[in-house]
Amino acid sequence: MKTISKEEIKALFPELDLVNNKELVDKACAIWKEAFEAGAWDDIMKPQFATLAPNVSLVNHTRTIIRNSVNMAENVKEAYGYKVDMDVLIISILLHDVCKIVENDPGEVEGTCVKNNMGKTYQHGFMSGYYAQKYDFPEEIVATVIAHAGASKVIPRTIEGLILYYNDVADADIHFLISGAKLILDTRK
């Protein structure tokens with residue numbers, strides 16, 4: 001049986017050192033552990049970010065969004081004096097796409113994935129919200145995780161939610177552009 005430790009997951013995301021509430025970090029890593037052990041992947045670096053963007057690992061996508069979002073949050077705090085809860089922001093980002101580990105299975109070609117029955121049945125982000133609720137995360141984290149998905153009827157209504165949403169869309173559209181897929185921005189027409 002495949003397994004991964006919370007320590008191995010923490011090592012993948014060094015930005016978790018920026019989170020003050022270590023209980024949130026431990027619970028978020030426990031979710032990644034549960035999802036990985038339940039999913040069809042044999043290596044934590046193999047789950048893919050999207051079916052339309054080959055060779056983009058979920059771990060790298062998540063780290064990129066964390067780094068970009070931390071930079072944006074610091075800029076917003078410095079330039080405007082707005083308060084940004086970095087714990088909520090970073091943990092929400094860590095959890096926002098954890099569902100993809102169980103929604104998608106490895107594709108026939110290395111570096112690709114296909115939606116499995118769960119991925120075809122549930123709206124993207126549902127399982128991430130479920131995990132956050134199951135592990136008793138604060139409501140603002142659960143709501144931020146659920147609101148990140150464009151298909152969600154929940155719109156981000158916090159600074160942390162907006163930072164996650166726009167950084168996620170920007171990163172996704174860069175990969176979609178490179179792969180020749182339709183951009184998220186194209187759906188706004």
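Nothing in this text is a laboratory measurement; each read-out follows from the coordinates by a stated rule. What you see is a predicted model; the values in this text were computed from it and never measured. Cβ: placed from backbone, ideal geometry, glycine included. Neighbour counts: every protein chain shown.
What the Cα atoms of the chain give is an Rg and a Dmax of 15.7, 50 Å. Maximal additional length on extending the Gln123-Ala170 stretch stands at 14.9 nm, based on 0.36 nm per residue less the C-alpha distance. Couplings 3J(HN,Hα) for region 88-99, derived from phi with the Karplus relation 6.51 cos²θ - 1.76 cosθ + 1.60 (θ = phi - 60°), are 4, 4, 5, 5, 4, 5, 4, 8, 4, 10, 4, 4 Hz, where x marks Gly and Pro.
Other residues within the sphere of radius under 11 Å centred on the Cβ of Ser128, judged by their own Cβ, net out at 0 (K and R +1, D and E -1). Over region 6-188, what relative contact order in percent results from Cα pairs under 8 Å that are six or more residues apart? Value for region 6-188: 23 percent. In this model, which of Lys77/Lys100; Lys22/Lys77; Lys10/Lys115; Lys46/Lys77; Lys153/Lys182 are farther than 29 Å apart at the alpha-carbon? Too far apart for the 29 Å limit: Lys77/Lys100; Lys46/Lys77. Distant-in-sequence amide contacts of Cys113, defined by a placed amide H-H separation under 5 Å and a gap of 5 or more residues or a different chain, comprise Gly107. A Förster distance of 35 Å, applied to the separation of the beta-carbon atoms of Asn75 and Thr3, puts the FRET efficiency at 0.35. At a Förster distance of 22 Å, what's the computed FRET efficiency of Thr187 paired with Val114, Cβ-Cβ distance as r, to 0.05? Rounded to the nearest 0.05, the efficiency is 0.55.
Taking 0.36 nm per residue of separation and subtracting the current Cα-Cα distance, fully stretching the chain between Ser179 and Asn21 would add 53.1 nm. In a shell of Cβ-Cβ distance under 11 Å around Ile65, excluding Ile65 itself, what net charge do Lys and Arg (+1) and Asp and Glu (-1) give? After counting each charged neighbour, the total is -2.
Normalising the Debye intensity of region 88-189 to I(0), with uniform scatterers on Cα atoms only, and taking log10 at q = 0.16, 0.19 Å⁻¹ returns -0.73, -1.01.
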